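> Below: one structure in structure tokens.
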Amino acid sequence: MLARFSRALLVAAGLAGLGGTAMAQSAPPVKIGFSIAKTGLFAAAAPSQLTAYELWRDQVNAKGGLDVGGTKRRIEFVQYDDQSDPSQAVRIYEKLANDDKVDLLLAPWGTPHHFALAGVLERLKFPMVGNSAASSQLRDIKPGYIWFPTSAIPDRMATELATMMKGQGVKTAAVTGVQLPFSIEIRKFLMPALEKAGIKVVVSQEYPPDAKDLTAVLTQVRNAKPDAILSLSYPNDSVGFMTQAKELGVSAPFQFVLVGPTIDFFPKMFGPAADGLITIGHWSPHQKAWPRAKPFFDAYVAKFNARPDYLDTALAYMSCEILEQAVAKSGLDREKLRAAIAGGTFDTINGPVKFDGVQNAITPTAFLQIQKGEFHLVWPKTVATSDFQPRK
Amino acid sequence: MIRRTAWMWVGLALAMAALPQLGGDYLIGLGITLLMWIALAESWIVLSGMTGYVSFGHAVFYGLGAYVMVVCWNNLPGWAGFLGAGLAAGLFALAIGYPVLRVRGPYFVILTYGLAELVKFLIINTEAALGKFGRLVFGAPPLATLYYLMLGLATLAVLIAWTVRRSRLGLGLAAIREDETAAENAGVPVARLKLIAFALSAAIPGMVGAVMALRSSYFEPLQAFSPTVSFNIVAMAVIGGGDDAPGPILGALFLVLLSELLWAHLPEVYMIILGLLVIGFVLFAPEGLHGRLQRLRRP
């Protein structure tokens, strides 16, 4: 009798215990999946995106979780290495959706991966806000389940850059560049844009992605004495370009370097020699009109003890903000979420963002300049945080 | 015995054929990857396993096929791009085979690798001159269709490897591997046989590349001609072992499953293990998985 009673008591206590834990845990976590290039060609570039995701997750979880149509749920990441291979990314996203049954998706790093995923997302009917992808080809993608918050689209950049150079009185330019998709695409649009702006191209050179010695190219540039030097380079050869240009004494009042300067190590590595460089980027923490910009910058520096990449980290964080605000409205239903992303206006660290088809319809195509180690927007005037200063 | 083994392979092929009916997209995707490596490694052994001419540049045929497919896509019917890819890869092998197959040993290894890199940069330059920068493929066929195409290619590659090994051609190739000069003196038409083997081992990788271009719906030369493709093929053939059809199947199955188990959480470890495995097999089990299994069966 006593035994039976105590057993009943135990069961009751057990049930109470279960109830207690269930209540404490409240809603189950939200699973968010993505692939990231931990190995391979893009392994050096991809962390700038992962840090943005991690910062966002920690900030949201610190606030009690992601607002899913009114309920707060903690964020949990499901991530895999895609080995910098787009076909691997395709398989991973299929796995994330069908096998891991994640609730939401974030983007992988790089244009090829985004493009390879467009068809998969369409098939899965699973919306994803992209980030680190830029190509005029993205307009060919059928609008539906993928969006691109970037405004650094090659054809628009080419026109804007040429206009900006003309405004600075540039008459002659040297264009050097690496043979990678993004730089090739920019060159294609840049050459006619320069001609239209009345700027004469005095040197035009391309080199393969693994080129180490740019001396021959740079000697030509030095001998031509152009008003502007445009280096359509990627992080590796941007460093090579800077180092060797310094050794050979190659410089111009207007100097543009495509990809690399916005990464934290770059201004640290070159110090005053990087001052006055122009690069692509549409975000700066100094823009007062975007109230979320500076707090994001400060939180990032506090967490990682390094500055965010002004291009990719900012874009990655924007894609998280857009997702967060859309999910708060729509919940996790994929069709409702798709409609919320396609139709909404979002408050991001880069100001308001709204999509027209697959593209960001608000953020202007802009350029950054390094001024005393700080990144300032200098073009266009509507978002500029400082005036252009010629290189000394 | 032989009949029982044959039935086993037929059963395996039928099981693979039923997979799209049973599994979701993820399983079909995994199946495509597995079949792709089987097709590539089987094609590779027709040249390298049988003649001993180790190709470290088979990615060139894969990439070329992918390129032909994306160029033809939307301009020609799909099957034309598919067959064109195989034809282009085979013809390319014939064209370069005559000079390339004159060098042996390490020189051939380096030459094939260099050739793959050369073609990669030629295509990057051509695309740059055309103002192209990677090509998107719209309206690719559904996953199951690509799966059956790949299954067809893998089966064909296995049959070719199996048949060649048991034919006069295979005997000639084995003679070349053992002693090319002696074979030539004995009247084996070495130059012709090597060329045929080279073209045979190139055509299917070309078509595999074409299917994979549709699978990832994006073509970019750096990815399509990636040396990793060549390395993986060699690793699978070495680990699977031998110069006969079952070897690469075992090698591909083993490595694809291993990478599937590891890439989820230990991607860096996968590459380390792959390196150790290749070294281990070359040193301690040069006959590969297939050879080991056969020895176990016949002590």
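Every number in this text was worked out from the coordinates using simple rules, so none of it is lab data. These numbers were taken from a predicted model, which means no experiment stands behind them. Neighbour counts are summed over all protein chains in view; Cβ atoms, including those assigned to glycine, are modelled from backbone coordinates with ideal geometry.
> Can you work out D for chain B in µm² s⁻¹ from Stokes-Einstein, where Rh is the Kirkwood radius over C-alpha pairs, the temperature is 10 °C and the viscosity is 1.306 mPa s?
For these conditions, the coefficient is 81 µm²/s.
> Right, here's the next one. Mind pulling the angle between the C-alpha long axis of helix A:334-343 and the longest principal axis of chain A? Nearest 10 degrees, somewhere in 0 to 90.
40
> Another one. Mean separation of Cα pairs under 8 Å and 6+ residues apart, divided by the residue count of region B:2-226: what relative contact order is that in percent?
42
> Mind checking the alpha-carbon convex hull of region A:280-328 and giving the volume per residue in Å³?
Dividing the Cα hull volume of region A:280-328 by its residues yields 89 Å³.
> Still on this structure: Starting with the fewest neighbours, write out B:Leu296, B:Leu87, B:Leu151 ranked by other beta-carbon atoms found within 10 Å of each beta-carbon.
By the 10 Å Cβ count, ascending: B:Leu296, B:Leu87, B:Leu151.
> Based only on other Cβ atoms within 10 Å, what is the fewest-to-most ordering of B:Cys72, A:Cys320?
Lowest count first: B:Cys72, A:Cys320.
> For the Cα atoms of chain A, what angle does the longest principal axis make with the long axis of helix A:2-25, in degrees from 0 to 90, nearest 10?
20
> Run through every distinct alpha carbon pair of region B:141-190 and return the Kirkwood hydrodynamic radius in angstroms, one decimal place.
Details: mean 1/r = 0.0779 Å⁻¹.
The Cα-based Kirkwood calculation yields 12.8 Å.
> Here's something else I'd like to know. Arrange A:Met191, A:Met164, B:Met50 by Cβ neighbour counts within 10 Å, fewest through most, would you?
Ordered by Cβ neighbours within 10 Å, fewest first: A:Met191, A:Met164, B:Met50.
> Residue by residue through region A:115-131, which ³J(HN,Hα) values in whole Hz follow from phi under the Karplus form 6.51 cos²θ - 1.76 cosθ + 1.60 (θ = phi - 60°), with glycine and proline marked x?
Going residue by residue, I get 5, 5, 7, 3, x, 5, 4, 4, 5, 7, 6, 10, x, 9, 8, x, 8 Hz, with x marking Gly and Pro.
> Other chains near A:78-85: what is the mean number of their Cβ atoms within 10 Å of each residue's Cβ?
Values: counts 1, 2, 4, 8, 2, 7, 4, 5.
Mean number of neighbouring Cβ atoms from other chains: 4.
> Would you kindly calculate the translational diffusion coefficient of region B:168-295, applying Stokes-Einstein with the Kirkwood radius from alpha carbon pairs, for 37 °C and a viscosity of 0.692 mPa s, and quote it in µm² s⁻¹ without decimals?
The calculation lands on 194 µm²/s.
> Now a separate question. Inside 10 Å of the C-beta atoms of A:108-121, what's the mean count of C-beta atoms belonging to other chains?
4
> Can you tell me the convex hull volume per residue for chain A, based on C-alpha atoms, in Å³ to the nearest whole number?
Convex hull volume per residue, Cα atoms: 151 Å³.
> Sort largest first and round to whole Å: the equivalent ellipsoid semi-axes of the protein assembly as shown, each the square root of five times a Cα gyration tensor eigenvalue.
Numbers: eigenvalues 426, 292, 89 Å².
In descending order, the three semi-axes are 46, 38, 21 Å.
> How shielded is B:223-230 by partner chains, expressed as the average number of their Cβ atoms within 10 Å of its Cβ atoms?
For this peptide, the per-residue mean of nearby foreign Cβ atoms is 3.
> Enter the angle in degrees (range 0 to 90, nearest 10) between the Cα long axis of helix A:47-62 and the first principal axis of the Cα atoms of chain A, meaning the one along which they spread out most.
Long axis of A:47-62 versus the principal axis of chain A: about 40 degrees.
> Something else now. Can I get the semi-axes of region B:29-82's equivalent ellipsoid? Compute them from the C-alpha gyration tensor as square roots of 5 times the eigenvalues, in angstrom, largest first.
Equivalent ellipsoid of region B:29-82: 25, 15, 9 Å, largest first.
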